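A short write-up of the structure that comes next.
The values are calculated or read from the model by the stated rules, or taken from the named source; none is laboratory data. Just so you know, these numbers come straight off a predicted model, no measurement behind them. Cβ placement follows ideal geometry from the backbone for every residue including glycine, while neighbour counts extend to all protein chains displayed.
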Amino acid sequence: MRDLETNINQSTSFVFEEVSRDFLLKHFQFDKIGNFWGNDIAIDIMAQKDEKWFIGECKWRNRKIGYSDYNKLIQKSSNLPYPVDQYILVSKSGFDRRLFDLENLILVEFTKENGFVIVKA
């Protein structure tokens, strides 16, 4: 039974990443959006608009995205061959309060009641 629960959560997280990218593409009108796998890193959201690059993470879990999640994303960006202009975090369970104070961060929350909502741009 535990394997079934793990597989359902993993499958749901992949779908969540995909619909998150669709929402971001429509809302921010990115030129390109997808994910990135390589150099021993996986990035859920990789987008470009004009000459600016955006990377992000989607978390389908029952706890808030924390400051450490943001730091891991920053660390991943240091392995990319070009500078990242802005970061994106998408959550179904909210965010650590400290994340709202960061300038280069977009926060998007998904709830059953409201769907996707940009809580910080």
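Details
Per-residue answers, yes or no, for (1) surrounded by fewer than 16 Cβ atoms within 10 Å (Cβ to Cβ); (2) within 27 Å of K112 (Cβ to Cβ); (3) out of contact with any strand residue (DSSP E or B) (no Cβ under 6 Å at 6 or more places or on another chain); (4) not basic (K, R):
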{"site": "F23", "(1), (2), (3), (4)": "no, yes, no, yes"}
{"site": "K26", "(1), (2), (3), (4)": "yes, yes, yes, no"}
{"site": "Q29", "(1), (2), (3), (4)": "yes, yes, yes, yes"}
{"site": "W37", "(1), (2), (3), (4)": "yes, no, yes, yes"}
{"site": "D40", "(1), (2), (3), (4)": "yes, no, yes, yes"}
{"site": "Q48", "(1), (2), (3), (4)": "yes, no, no, yes"}
{"site": "K52", "(1), (2), (3), (4)": "yes, no, yes, no"}
{"site": "P81", "(1), (2), (3), (4)": "yes, no, yes, yes"}
{"site": "Y87", "(1), (2), (3), (4)": "no, yes, no, yes"}
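- Residues located in segment 91-121, provided they are in a loop (DSSP other than H, G, I, E, B), surrounded by 10 or more Cβ atoms within 10 Å (Cβ to Cβ) and of a type in the set (D, E, K, R): K92, D96
- Which numbered condition R2 fails, given (1) loosely packed, with under 10 Cβ neighbours inside 10 Å; (2) at pLDDT 85 or above: (2)
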